[in-house]
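Enquirer: Mind having a look at this structure? Questions to follow.
The values are calculated or read from the model by the stated rules, or taken from the named source; none is laboratory data. Because the structure is predicted, anything quoted here is derived from the model rather than measured. Every residue, glycine as well, gets a Cβ built from its backbone with ideal geometry; the counts of neighbours run over all protein chains shown.
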Amino acid sequence: MKLTTVICFLLLLTSITQAQEKDKYGRPPLVPGIAELKIGDQVPDILIDNIINIDKRSIRTSDYKDRLLVLDFWERSCGTCIASMPKLDSLQRVFGDQIKLLSVTWESEANIVDFFKKNRFLKEYNPPVHRASAVDDRILRSYFRYQTNPHVIWIYKGKVMAITGYEHISSTNIQEVLDGKTVSWPLKNDSFDPMYPLMRLDGLSEEVRDSPYYGYSVLTGTSNSMQIGLGGLFFKQDTVRNCSRLAFFNQDLSSIYQILLYATKPSVTMEDMRKDATKRPYIPHPARRILEVKDVSRFRNDRQEDKVVWDSKNHFCYEMEKQGRLEKQALAKQALTDLNNRFYLNGRYEKRKVKCLVFVKTDKPLTDTLPKGKGGMSIPALVMMSLDYAQKYPPAIDETGLGYNVEFNIMPDDGTLAGFRKEIQRHGLDLIEAEREIEVLVISDAK
C-alpha cells in the first residue's frame with residue numbers, strides 16, 4: 001500500500017513538473033543549452049525536420065546559405081497567422097527557388113494535419129492553401145525565442161538579418177533583400193516590458209517626487225524595439241513610488257483617440273451591463289468614428305503608401321506620469337488634453353444623428369426564450385457579436401427594452417442582413433433602418 005502511494009505521488013510530481021515547464025501559452029519548454037540568436041548572428045547548420053505539406057520531410061539551414069530563408073512561427077489559435085497563409089503561398093510561387101517561406105509551429109503533427117484538413121478558409125481559398133510547415137518544433141523556437149505570433153525570422157546568406165511581424169512579408173521587401181539592399185525594419189521585441197517607464201527620473205529628491213506638481217509626459221515616434229500596435233492602454237498605480245502612469249506604444253492616431261477616450265469613461269462591470277443594456281463594451285464601428293480634419297492621411301493610409309513606411313511615420317508612443325494614486329479615468333482625461341494640444345486636434349464624444357439598425361419588438365409574441373444564463377443570446381449580444389462586430393452594417397442599437405433579461409435560441413444566419421432579419425422575426429423581433437442620435441467619437445482639427 002505504501003509503495004502504491006509513493007508511485008502515485010511520483011507520477012503526480014512528474015506531471016506537475018512537466019506542466020510547470022510549459023510557458024504561459026502552454027508551449028513545451030525550450031531546449032537546454034541553445035543560445036538565442038540575434039540580428040547579425042551567424043546561423044548554425046540546423047536540421048529542420050517533421051515538415052508537412054512538402055516533398056522533403058526535412059531540410060537544413062545550410063541548404064539555403066546563398067538564398068533567403070524566412071521562418072514564420074505560428075499556431076492554430078493565431079487568426080492573423082492563418083489569414084496570412086494564402087499570401088505566403090502566393091509569394092513562394094512567385095519567387096520559387098530563390099526563397100523558402102517556411103511556417104513553424106510547436107504543435108503536434110496530428111493536430112496540424114487535422115487543422116489543414118478541416119479549416120474551411122484555407123480549403124476553400126483559390127487555390128487551396130497547403131502551407132509547408134515544420135511541426136513539433138522545439139529547436140527553432142529555442143534559437144529564435146518569442147512570446148506572440150506571428151513571429152518572423154529573416155535569414156539571408158547564413159545570417160539573421162531581421163526579426164519582424166507578419167506585415168513585413170511582402171514582394172517588395174523580399175526583392176529588396178534579394179537585390180542586396182540594406183534594410184532597417186522595426187525589431188519585433190517580445191521582451192519589451194510595457195509597464196517599465198520610458199523615462200526614469202530616479203535622481204529626483206523625495207521632496208520633488210512628493211510635490212503635487214510633479215509629473216511629466218513624453219511623446220515619441222515609432223519605436224523599433226516593439227511591434228506596431230502593441231497592446232492597448234497600459235495603466236499602473238505605483239504604490240512604492242507614489243505615482244500613477246499611463247502609456248501606449250506604436251499606435252496610430254485613430255487608435256490613440258479610440259483607446260484613450262474609452263478610458264475616460266467610468267469602468268463598466270458585467271453587473272452594470274446587466275442592469276443597463278446601454279452600458280456595453282465599445283465596439284470600434286466605423287460609423288461611430290467621425291473624422292473632421294483636413295489631412296486624413298494622418299489617420300489612415302488612403303494613398304496606399306507602403307505599409308511599413310506609413311506605419312513608421314504615423315505611429316506614436318506616449319507616456320504620462322503624475323504624483324499620487326490617480327484613477328485611470330482621471331489620468332486618461334489629462335492625457336487626452338495633453339495630446340489634443342500636441343497634435344492640434346480635438347477628440348471627444350458627441351451625440352450625432354446616424355443611420356442605424358434598430359432592434360424592436362413586433363406585435364407577435366416572443367418565442368424560444370430562455371432564462372438568463374442558459375446559453376442563448378441576449379439582445380446586447382446580438383447587437384455586438386452579430387452586427388456591430390462584423391462592421392458590415394450600420395451601427396445597431398436596442399429599443400426592445402429586453403436588454404439582458406431574456407435570451408433566445410437563435411441559430412446563425414446565412415450571412416446576409418435579410419437572412420438575419422428572417423431568423424429573428426420568428427422570435428417576435430425585428431430590425432428596422434432608422435436615423436437615431438447615438439454617441440460617436442469625433443476627431444476634428446483644433447481651432
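Enquirer: Tell me, please, whether a residue that is touching a residue at least 60 places away in the same chain (Cβ under 8 Å), out of contact with any Phe, Trp or Tyr (no Cβ under 7 Å at 6 or more places or on another chain) and more than 19 Å from Ser84 (Cα to Cα) can be found in segment 162-177.
Expert: Checked against the condition, which is being touching a residue at least 60 places away in the same chain (Cβ under 8 Å), out of contact with any Phe, Trp or Tyr (no Cβ under 7 Å at 6 or more places or on another chain) and more than 19 Å from Ser84 (Cα to Cα), segment 162-177 yields no hits at all.
Enquirer: Here's a follow-up. Quick check on segment 125-148: of everything there that is under 23 Å from the mean Cα position of the chain (by Cα) and surrounded by fewer than 20 Cβ atoms within 10 Å (Cβ to Cβ), which residue is nearest to Val43 (Cα to Cα)?
Expert: Arg145
Enquirer: Say we look at segment 298-333 and pick out the residues that are of a type in the set (Asp, Glu) and under 19 Å from Tyr214 (Cβ atoms); which of these is surrounded by the fewest Cβ atoms within 10 Å (Cβ to Cβ)? Steps first, answer last, please.
Expert: Step one: of segment 298-333, the residues of a type in the set (Asp, Glu) are 302, 305-306, 311, 319, 321, 327.
Now drop any that are not under 19 Å from Tyr214 (Cβ atoms), which leaves 319, 321, 327.
Numbers: Glu319: 20, Glu321: 23, Glu327: 13.
Per the criteria, the residue is Glu327.
Enquirer: Here is a further query. Among the candidates Leu261, Leu233, Leu246, single out the residue that is modelled with pLDDT of 70 or more, within 22 Å of the chain's Cα centre (by Cα) and part of a helix (DSSP H, G or I). Break it down stepwise before answering.
Expert: Details: Leu233 fails: part of a helix (DSSP H, G or I); Leu246 fails: part of a helix (DSSP H, G or I).
When all the criteria are applied, what remains is Leu261.
Enquirer: Can you tell me which residues in segment 341-360 are in a helix (DSSP H, G or I) and surrounded by fewer than 17 Cβ atoms within 10 Å (Cβ to Cβ)?
Expert: The answer is Asn341, Arg342.
Enquirer: Pairs only if they're at least six apart or on different chains, beta carbon under 9 angstrom, first in segment 139-160 and part of a loop (DSSP other than H, G, I, E, B), second buried (at least 22 other Cβ atoms within 10 Å of the Cβ) and basic (Lys, Arg); list them, first residue then second.
Expert: Every condition considered, the pairs that remain are Tyr146/Lys188; Thr148/Lys188; Pro150/Lys188.
Enquirer: Moving on to the next point. Considering each residue of segment 149-179, count those that are hydrophobic (A, V, I, L, M, F, W, C) and within 24 Å of the chain's Cα centre (by Cα), and give that number. So that I can check it myself, show each step before the final result.
Expert: Taking segment 149-179 and keeping what is hydrophobic (A, V, I, L, M, F, W, C), we get 152-155, 160-163, 169, 174, 177-178.
Okay, now just the ones that are also within 24 Å of the chain's Cα centre (by Cα), so 152-154, 162-163, 169.
Going through segment 149-179 one residue at a time, the tally reaches 6.
Enquirer: Only residues that are of a type in the set (A, V, I, L, M) and either exposed (fewer than 14 other Cβ atoms within 10 Å of the Cβ) or assigned to a helix (DSSP H, G or I) (or both): list them for segment 361-389, please. It would help to see each step written out before you state the result.
Expert: Applying the first criterion (of a type in the set (A, V, I, L, M)) to segment 361-389 yields 366, 370, 377, 379, 381-385, 387.
If the condition is that a residue be of a type in the set (A, V, I, L, M) and either exposed (fewer than 14 other Cβ atoms within 10 Å of the Cβ) or assigned to a helix (DSSP H, G or I) (or both), then Ile379, Ala381, Leu382, Val383, Met384, Met385, Leu387 are the ones that fit.
Enquirer: Quick check on this structure: which one of Lys157, Lys123, Lys117, Lys100 is at pLDDT 90 or above and over 28 Å from Arg60 (Cβ atoms)? Working first, answer last.
Expert: Working: Lys157 fails: over 28 Å from Arg60 (Cβ atoms); Lys123 fails: at pLDDT 90 or above; Lys100 fails: over 28 Å from Arg60 (Cβ atoms).
Just one listed residue meets the conditions, Lys117.
Enquirer: Could I ask something else about it? For Leu122, all conditions in the list (1) assigned to a helix (DSSP H, G or I); (2) surrounded by fewer than 18 Cβ atoms within 10 Å (Cβ to Cβ) hold save one; what is the number of the exception?
Expert: Of (1) assigned to a helix (DSSP H, G or I); (2) surrounded by fewer than 18 Cβ atoms within 10 Å (Cβ to Cβ), only one is false for Leu122: (2).
Enquirer: Same structure again: Quick test of your reading of the structure: Ser90 fulfils all but one of (1) part of a loop (DSSP other than H, G, I, E, B); (2) within 18 Å of Ile169 (Cα to Cα); (3) hydroxyl-bearing (Ser, Thr, Tyr). Name the failing condition by number.
Expert: It is condition (1) that Ser90 fails.
Enquirer: Could you please find all residues in segment 334-377 being among the charged types (D, E, K, R) and under 30 Å from Thr264 (Cβ atoms)? Don't jump to the end; show me each part of the working.
Expert: Restricting attention to segment 334-377, the residues satisfying the condition of being among the charged types (D, E, K, R) are 338, 342, 348, 350-353, 355, 361, 363-364, 368, 372, 374.
Within segment 334-377, Asp338, Arg342, Arg348, Glu350, Lys351, Arg352, Lys353, Lys355 qualify.
Enquirer: Let me ask something else. Here is a list: Leu402, Leu382, Leu370. Which entry is touching an Asp or Glu at 6+ places or on another chain (Cβ under 6 Å) and at pLDDT below 90?
Expert: Numbers: Leu402 fails: touching an Asp or Glu at 6+ places or on another chain (Cβ under 6 Å); Leu382 fails: touching an Asp or Glu at 6+ places or on another chain (Cβ under 6 Å).
The conditions single out Leu370.
Enquirer: Given the condition without any contact (Cβ under 8 Å) to a residue 40 or more places away in the chain and in contact with a helix residue (DSSP H, G or I) (Cβ under 7 Å, 6 or more places away or on another chain), answer yes or no: does some residue in segment 74-82 qualify?
Expert: Checking segment 74-82: at least one residue is without any contact (Cβ under 8 Å) to a residue 40 or more places away in the chain and in contact with a helix residue (DSSP H, G or I) (Cβ under 7 Å, 6 or more places away or on another chain).
Enquirer: Could you give every pair whose Cβ atoms fall below 6 Å, whose first residue belongs to segment 321-338 and is in the same structural domain as Asp238 (by TED's automatic domain parsing), and whose second residue is among the charged types (D, E, K, R) and crowded, with 16+ Cβ neighbours inside 10 Å, counting only separations of at least 6 or pairs across chains?
Expert: Hits for this filter: Glu321/Arg245.
Enquirer: Hey, among the residues in segment 107-119 that are in a loop (DSSP other than H, G, I, E, B) and not small (Gly, Ala, Ser), which one's surrounded by the fewest Cβ atoms within 10 Å (Cβ to Cβ)? Reasoning before the result, please.
Expert: Restricting attention to segment 107-119, the residues satisfying the condition of being in a loop (DSSP other than H, G, I, E, B) are 107-108, 119.
Still in the list and also not small (Gly, Ala, Ser): 107, 119.
On the way: Glu107: 19, Asn119: 15.
Ranking the candidates gives Asn119 first.
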